[in-house]
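Input: a single structure, listed below in structure tokens.
FYI, it's all coordinate maths here, none of it is from the lab. Keep in mind that this is a model prediction, so the values were computed, not measured. Note that we place each Cβ from the backbone using ideal geometry, even for glycine, and neighbour counts take in every protein chain shown.
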Amino acid sequence: MKTNNKEKIKKVALSLFGQKGYEETSLHDIASAVGIKKPSIYNHFAGKEDIFTAVLEDLLITETTAYGELKLRKDEPAENLKRLFDLFCSRLMNTEEALLWKRVTFFPPEPFKDLIEEKFFEFEETITGILHSIYEDAKDFSGMKHFTEPEFTAAFLCLVDGVFLEHHYYREDIFRQRMDASWKVFSFGLFK
């Protein structure tokens, strides 16, 4: 029962921290959404800071697992890169984790700036590993001969960072158009 409530607390906190931010989410908000009394939270966590840290740890695990399950096919670098891009965009549009990522990236709570940066770079290492595999498979394409692996990786990361920001400002139909246009231009430069 305690483990179940602990997981419920983290799930609810993920949602509330993503929607309202760390500062605007109270322990009372979390307890109410879980359906427990506020003092019951202390059976599982030392306080709000402890909950936030646990949520960030779970966020990193969820994201690295999702990307780690991406199936790359040998000799299909263009398709593999598109799969990676599509996974990023899908998770951005459809997960509560993405909402929290956006909030803490744009507005990091002061006491957690270093931890958020650490988690961000840990996640980026996962993406960089995938991009390494794709680059190795693609480096013989004529367009790819103009780029080093660090350039290829940086360009892709800047592309998805831009998409990340676009998702924040545009409604879904416009975002999808911009996402498709960005991919079209980016991939043309690599694989044509």
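Tabulated data
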read-out	value
Cα-based helix-to-principal-axis angle, 149-169 vs the chain, degrees rounded to 10	50
Cα gyration tensor shape for region 142-187, rounded if a/c is under 1.5, else prolate or oblate	oblate
Computed magnitude of the charge dipole of region 53-191 (debye, nearest 20; Cβ of K, R +1, Cβ of D, E -1)	560
Estimated inter-spin distance, SER26 and PHE141, nm [label 7 Å along Cα→Cβ]	5.3
Length gained when the stretch ARG178-ASN4 is fully extended (0.36 nm per residue, less Cα-Cα span)	58.5 nm
Two-site FRET efficiency, SER187 against ASN94, from Cβ-Cβ distance with R₀ of 25 Å, rounded to 0.05	0.65
Peptides ranked, highest mean first, by Cβ atoms within 10 Å: ranges 77-85, 174-182	77-85, 174-182
Using alpha-carbon coordinates, inclination of helix 77-94 to the longest axis of the chain, degrees	30
